[in-house]
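As structure tokens, the structure follows; a few thoughts come after it.
The values are calculated or read from the model by the stated rules, or taken from the named source; none is laboratory data. Note that this is a predicted model, so its numbers are computed, not measured. Positions of Cβ are generated from backbone atoms using ideal geometry, with glycine treated the same way; all protein chains shown enter the neighbour counts.
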Amino acid sequence: MLLDDTLRHFTAKVGSEAIRVGQALGYTLEEIHHIDPEVIARAGEGDAAARHEYDEHRLAEARKPGGGAHRPSMGQDMMKGRRTEIEFINGFIVDKAKAVGMATPANAALTDIVKRVEKGEIPADPKHIIDLRLNS
């Protein structure tokens, strides 16, 4: 997943939205995957220097033994037809964002895609994220 530019940039958008919502709620965040949260936030917002730093770090992590070849637990649940924790993670971000007047389109789209997979409306496939117009 991290080796694909579109998917990696989408993870930055999802993270960026979550970070900004947390900040709006008064949280002080620590490093995430050994990256300053401000770098992730700016990368997800399109800052070229931050995106480069984010990409370099995440690609280095992905190239470590087992680093990029695993499927996250939510993806494993989806592939096995199990219910995921999407509502309690990304759905939670969407709800908290609404409460403070913020939009979180990447988290909302991800939540919608996963819920549709859970209902059997669409197959579990990264193409649903790749096809989003949120990816730039």
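At-a-glance table
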quantity	calculated
Hits in region 1-32 (condition: part of a helix (DSSP H, G or I) and of a type in the set (A, V, I, L, M, F, W, C))	Leu7, Phe10, Ala12, Val14, Ala18, Ile19, Val21, Ala24
For Met74: the one exception among (1) at pLDDT 95 or above; (2) among the hydrophobic types (A, V, I, L, M, F, W, C); (3) in a helix (DSSP H, G or I)	(1)
Answer residue from region 50-68, given it is touching a helix residue (DSSP H, G or I) at 6+ places or on another chain (Cβ under 8 Å) and more than 18 Å from Thr6 (Cβ to Cβ) and is modelled with the lowest pLDDT among those	Gly67
Close pairs from region 43-54: first among the charged types (D, E, K, R), partner not in a helix (DSSP H, G or I), Cβ under 8 Å, at least 6 apart	Glu53/Ile35
